[in-house]
Amino acid sequence: MNENFYITTAIDYVNGKAHIGHAFEKIITDVIYRHFKQRCDKTMFLTGTDEHGIKIQKTAKSLNISPMELCNQNVEAFQNSWKLLDINYDKFIRTTSHEHKEIVQKIFEKLLKQGDIYKHSYKGLYCNGCECFLNEKDLTEDGLCPNHLTKPEVVEEENYFFKLTKYKDAIINHIKSNPDFIIPSFRANEVLNQLENIEDISVSRSINNVSWGIPVLSDDSQIIYVWIDALSNYITALGYDPDKEEQNETFTTFWPASCQVIGKDILKFHSIYWIALLMALDLPLPKHILAHGWITIDETKMSKSLGNVLSPENILKSFELQKPDAFRYYISSCANCGKDGNYSDIDFKEKVNADLANNMGNLLNRSLNILVKYFDGEIKDEFIVEDEIIKTAKKTVNKVVENFDKFQVAEAAFEIMTLLNAANKYINDKAPWSLSKNGDLTQAGVVLYNVFEVMRYVSVLIYPYCPNIASNIAKQLKTNINIKLYDLDKNNIKAGKIITKDEITPVFLRLDSEFAQNKK
Ligand code: MSP
């Protein structure tokens, strides 16, 4: 595959810090991105922060600091979390940046000029948590927002409106004729139902009610609606300029996005509002929108009031983990594509001990030790004979690729573990330790070579999830981790000394059970 690959995440509100729900999204996006880097030449990963709106304005007020101070503090905290988790983005966009604000204003003016935006008096119910107007019928029996369980504010203003209804049929048509546009596909029906009752949307707020935002260029009594501001980040980050006939190279290389990763709660904004906006700007549509599920903790929704919000820092610290690999692996395996997932300490420990320490780490460790013990760490020419297990490894590459083509991150990880199970069975059945003791040295060497080859495949396949562990495996095997997937079968391990006794290190140490109890 040589296509260019552009992946984006939702941009996070900065009225708080990153928790493991935000981390889940950034990690699965990073895993997908690192996988496609192993297949494509030009790749781009965008993430960032959504810094305007009433929610940020109110939080800053309650803390007695300016909104900008609040944003700066929390943006730094978000960026630190992503660094800790080895999130390898190429660009981090802040909606308070000058470049972004200027383009959002130009986009608004363009739509105003072409008649897609018009002025209209309006009375509605606004939920500050969702940053959107709600219909009476969306509310709970007690008149509360179903997501935030708070009473929406009655807002009566003269606002600008976007002609969403004009694009309704085109959006329905696009969704119906592109069954893999919304992933997972069962979410497409939800969107089609929402489209049935769609109305034009308010895209500005009076500056008297919301001051923290981007002013409308031609009318400074109005602030651009935070979702129009936020959604535009995906193209402002590439340097899109609505006033230019020809766009710059970054934009033409990467737009339309290959995959836009977001949570199920904001699918409506991405599959309806964003798509209509792109249609109005006459821009091509993203190829896929991946709506992931939500992460709960011990099967309970995370919430400040319950006091169960967990940060990625909490988890790494309580298990004394220097590197994020185990958490990255666990969280990206905990939910099948689009489904909700759950974090629990016990589950985390059991899963990474079983998969990373036993299935993967032990297999490598014991095989290398046998190689040192009987062959002084050297692969001999006569060991290089491919057994069936290498065919299984090659098939696994195809299965992993097929899963990533559908953005099935957990399912792909499962295939890698299945290969490791097969390799463990292979070594146990062949028992190279007995073969060596009984003098069948060549046969023992062949088994070891096959196991190392499988581990070479595994190192590259697991790299997107566990970049540090994968690099450590490759280092011990003296193989190349920075290799395209289609070059894997041309780079097999060659004859020669690969390791000495003191170079053998465990790639992942079992998590000690007492760490989990020290938590919180
Ligand atoms: N700022 C908007 C997105 C604008 S995108 C143009 C927003 N921000 S958010 O901070 O509330 O959420 C950011 C992302 O984190 C969303 O995709 C959301 O679904 C995701 N998650 C927030 N809590 C989550 C979990 N508990 N679990 C998984 N993802 C969750 O929405």
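The values are calculated or read from the model by the stated rules, or taken from the named source; none is laboratory data. Every value quoted in this text rests on a predicted model; they were computed, and no experiment measured them. Please note: Cβ atoms are built from the backbone with ideal geometry, for glycine as well, and neighbour counts cover all protein chains shown.
When LEU448, LEU461, LEU435, LEU420 are checked against the criterion of being surrounded by 19 or more Cβ atoms within 10 Å (Cβ to Cβ), in contact with a Leu (Cβ under 6 Å, 6 or more places away or on another chain) and either of a type in the set (S, T, N, Q) or not in a loop (DSSP other than H, G, I, E, B) (or both), a single residue qualifies: LEU448. Any idea which residue in the range 288-328 is farthest from GLU25 (Cα to Cα), counting only those that are of a type in the set (Phe, Trp, Tyr) and buried (at least 18 other Cβ atoms within 10 Å of the Cβ)? Taking the candidates together, the pick is PHE319.
If the condition is being crowded, with 18+ Cβ neighbours inside 10 Å and either touching a Cys at 6+ places or on another chain (Cβ under 6 Å) or not in a helix (DSSP H, G or I) (or both), then the range 347-381 contributes GLY377, ILE379. Just wondering, is there one or more residues in the range 254-261 that are within 12 Å of the ligand (Cβ to nearest atom) and assigned to a strand (DSSP E or B)? Checked the range 254-261: at least one residue is within 12 Å of the ligand (Cβ to nearest atom) and assigned to a strand (DSSP E or B). Would you confirm, using the coordinates I've provided, whether ALA276 is under 26 Å from ASN197 (Cα atoms), among the hydrophobic types (A, V, I, L, M, F, W, C), more than 10 Å from the ligand (Cβ to nearest atom) and touching a residue at least 40 places away in the same chain (Cβ under 8 Å)? Spelling it out, ALA276 is indeed under 26 Å from ASN197 (Cα atoms), among the hydrophobic types (A, V, I, L, M, F, W, C), more than 10 Å from the ligand (Cβ to nearest atom) and touching a residue at least 40 places away in the same chain (Cβ under 8 Å). Considering LEU485, LEU441, the condition of being in contact with a Lys or Arg (Cβ under 6 Å, 6 or more places away or on another chain), surrounded by fewer than 21 Cβ atoms within 10 Å (Cβ to Cβ) and over 21 Å from ASN362 (Cα atoms) is satisfied by LEU485 alone. Condition test on HIS52, is it assigned to a helix (DSSP H, G or I) and touching an Asp or Glu at 6+ places or on another chain (Cβ under 9 Å)? Against the criterion (assigned to a helix (DSSP H, G or I) and touching an Asp or Glu at 6+ places or on another chain (Cβ under 9 Å)), HIS52 does not qualify. Please indicate, with yes or no, whether at least one residue in the range 73-92 is surrounded by fewer than 18 Cβ atoms within 10 Å (Cβ to Cβ), touching a residue at least 60 places away in the same chain (Cβ under 8 Å) and more than 23 Å from the chain's Cα centre (by Cα). No - not one qualifying residue is present in the range 73-92.
Residues that are at pLDDT 95 or above, crowded, with 17+ Cβ neighbours inside 10 Å and hydrophobic (A, V, I, L, M, F, W, C): find the helices (runs of 4 or more DSSP H) completely inside the range 130-237 holding 2 or more of those. Outline the logic, then answer.
On the way: elements: 168-177, 186-196, 226-231, 233-236.
Of the helices (runs of 4 or more DSSP H) lying wholly inside the range 130-237, those with at least 2 residues that are at pLDDT 95 or above, crowded, with 17+ Cβ neighbours inside 10 Å and hydrophobic (A, V, I, L, M, F, W, C) span 168-177, 186-196, 226-231.
Just one residue in the set LYS37, LYS26 is buried (at least 23 other Cβ atoms within 10 Å of the Cβ), of a type in the set (Lys, Arg) and at pLDDT 95 or above; that residue is LYS26. Considering (1) away from the ligand (no atom under 12 Å from the Cβ); (2) polar (S, T, N, Q); (3) within 20 Å of LEU238 (Cβ to Cβ), the lone condition that THR29 does not fulfil carries the number (1).
Contact map, the range 451-462: residues that are within 11 Å of LEU420 (Cβ to Cβ) paired with residues that are in a helix (DSSP H, G or I) and polar (S, T, N, Q), Cβ distance under 6 Å, separation 6+ or inter-chain. Pairs shown: VAL451/SER367. Within the range 140-154, the set of residues being under 25 Å from ASP12 (Cα atoms) and either of a type in the set (Ser, Thr, Tyr) or more than 16 Å from the ligand (Cβ to nearest atom) (or both) comprises LEU144, THR150, LYS151, PRO152, GLU153.
Only one of LEU371, LEU435 is in contact (Cβ under 8 Å) with a residue 24 or more places away in the chain and hydrophobic (A, V, I, L, M, F, W, C); which? Don't jump to the end; show me each part of the working.
Details: LEU435 fails: in contact (Cβ under 8 Å) with a residue 24 or more places away in the chain.
Criteria check complete, one pass: LEU371.
Restricting attention to the range 249-266, the residues being surrounded by 21 or more Cβ atoms within 10 Å (Cβ to Cβ) and either closer than 20 Å to ASP200 by Cβ or of a type in the set (Gly, Ala, Ser) (or both) number 2.
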